[in-house]
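Here, each number is a calculation from the coordinates, and none is a lab measurement. What you see is a predicted model, and the numbers here were worked out from it, not measured in a lab. No Cβ is skipped: glycine too gets one built from the backbone with ideal geometry, and neighbour counts run over all protein chains shown.
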Amino acid sequence: GIPLSVGDRIMLSTRSIHRSKNIWRHPAGPDAFVPERFLEDDKNYPPQALMTFGGGLRRCYGSNLAQFHVKLFIVRTMQTL
């Protein structure tokens with residue numbers, strides 16, 4: 001490992017995490033469009049593996065609003081069908 005001192009900053013590469021073959025173990029690969037991998041019954045990945053809006057103190061301020069709008073869009077679309 002790498003020795004750390006008090007006050008050292010650690011930065012994570014969300015791009016590397018989102019494209020890691022060790023986390024997203026699907027035969028088609030991590031870049032394949034496979035929405036089934038996010039179903040409740042098939043959560044074979046750690047919750048920290050998907051950081052769409054970042055995390056911690058620097059998490060995106062608009063994440064709750066964005067998630068609300070996606071849900072609203074789905075509901076309104078289903079109502080018009």
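Key figures
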{"read-out": "Sorted by Cβ density within 10 Å, fewest first, the residues S5, S16, S63", "value": "S5, S16, S63"}
{"read-out": "Crossing angle, helix 63-80 versus the chain [Cα axis fit, 0-90 degrees, rounded to tens]", "value": "20"}
{"read-out": "Ascending count of other beta-carbon atoms within 10 Å, so fewest first, for V75, V6", "value": "V6, V75"}
{"read-out": "Cβ-based exposure ranking for H26, H69, in which fewest neighbours within 10 Å come first", "value": "H69, H26"}
{"read-out": "The chain, relative contact order in percent, only Cα pairs under 8 angstrom and at least six apart counted", "value": "21"}
{"read-out": "The chain, helix-only ellipticity at 222 nm - DSSP H runs n ≥ 4, -39,500 (n - 2.57), divided by all residues, nearest 500", "value": "-8500 deg cm²/dmol"}
{"read-out": "The chain: trypsin sites (Lys or Arg not before Pro) in DSSP loop, at most 14 other beta carbons within 10 Å", "value": "R9, R19, K21, R25, K43, R59"}
{"read-out": "Total charge dipole magnitude, the chain, about the Cα centre, Cβ charges on Lys, Arg, Asp, Glu only, Debye to nearest 20", "value": "240"}
{"read-out": "Three principal axis lengths of the chain [C-alpha, angstrom, descending]", "value": "58, 35, 20"}
{"read-out": "Environment charge at T14 (Cβ cut-off 15 Å; Lys +1, Arg +1, Asp -1, Glu -1)", "value": "+3"}
